[in-house]
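Read the figures in this text as sums done on the coordinates, not as results from a lab. Note that the coordinates shown come from a computational prediction; the quantities given were computed from them, not determined experimentally. Backbone-built Cβ (ideal geometry, glycine too); neighbour counts: all protein chains shown.
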Amino acid sequence: RRYRWPAAVRGADRGVAAFVIAQACGARPAELADAPTDGQVWEALCAPSFTVPTLLLHGAADALVPAAVSRTLAARMPAASLVELPRSGHVPHEEEPARVAAEIDAFLARCLPGGERAGCGSGAAA
């Protein structure tokens with residue numbers, strides 16, 4: 001048997017998404033089984049109660065995932081900060097590593113214990 005890339009296995013994306021969602025917000029995978037889409041499950045079960053400061057980095061030129069997905073998620077997550085990177089696509093950490101590192105450093109400076117200030121998790125785009 002040969003290894004198959006998970007994206008090539010039918011249904012693998014849904015299984016991985018269910019696992020990640022369940023781990024992130026404490027939902028049981030069984031709760032996710034009949035949901036129309038993983039995004040709707042996340043939004044309904046997790047996003048409003050997910051209060052851990054979260055940095056979302058999104059490449060504005062991403063051809064696989066529209067920036068609107070990250071904007072919606074950031075708007076629904078009370079502790080999310082969204083940074084859209086105008087010169088990046090789907091892999092901003094490879095396309096603009098210095099910018100990504102700077103955004104992470106700035107986020108951590110704002111959001112580490114003792115640094116929780118206004119702007120850490122505004123839900124709005126930075």
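Observations on the structure shown:
- Cut-off under 5 Å, modelled amide H: who pairs with Gly59 long-range: Leu85
- Remark: the Ala68-Ser49 segment gains 4.8 nm on full extension, using 0.36 nm per residue and subtracting the alpha carbon distance.
- Taking label points 7 Å from Cα along the Cα-to-Cβ direction, Ala75 and Leu112 give a separation of 3.3 nm.
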